[in-house]
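Chemist: This is the structure, below, for whatever I ask next.
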Amino acid sequence: MNSGNKQIEANNLKVISDQLNYEALMNKKFSLYGQYCTDQQLKDLCNQSAGIHKQNFNELKTYLESHQ
């Protein structure tokens, strides 16, 4: 592999795309679960988890954009 080539191979691009979709879905689910929770500790945990998945999504997106 050429070190000057920043493009991502198709199979790796598929993996990153799948992971982006997974992170977006998990963010959405945990946000929704947090809205349903009445226990404040559980609500906080769901919101914290949603934030982690949002951060993961943003980092993957930044990585992907840096290789275009």
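The values are calculated or read from the model by the stated rules, or taken from the named source; none is laboratory data. Here the structure is a predicted model, which means the values were calculated and not measured. Quick reminder, even Gly has a Cβ in these numbers, built from the backbone with ideal geometry, and neighbours come from all protein chains shown. Protein only, heavy atoms only, side chains kept; ligands, DNA and RNA dropped before computing areas. Shrake-Rupley method; radii C 1.70, N 1.55, O 1.52, S 1.80 Å.
Chemist: Go through (1) assigned to a helix (DSSP H, G or I); (2) open to solvent by 100 Å² or more (accessible area, probe 1.4 Å) one by one and return the number of the condition Lys6 breaks.
Modeler: The single condition Lys6 does not satisfy is (1).
Chemist: Taking the residues in the stretch 26-59 that are of a type in the set (S, T, N, Q) and either outside any helix (DSSP H, G or I) or within 22 Å of Ile16 (Cβ to Cβ) (or both) as candidates, determine which candidate is farthest from the chain's Cα centre (by Cα).
Modeler: It comes out as Thr38.
Chemist: Confirm whether Gln68 is open to solvent by 100 Å² or more (accessible area, probe 1.4 Å) and in a helix (DSSP H, G or I).
Modeler: no
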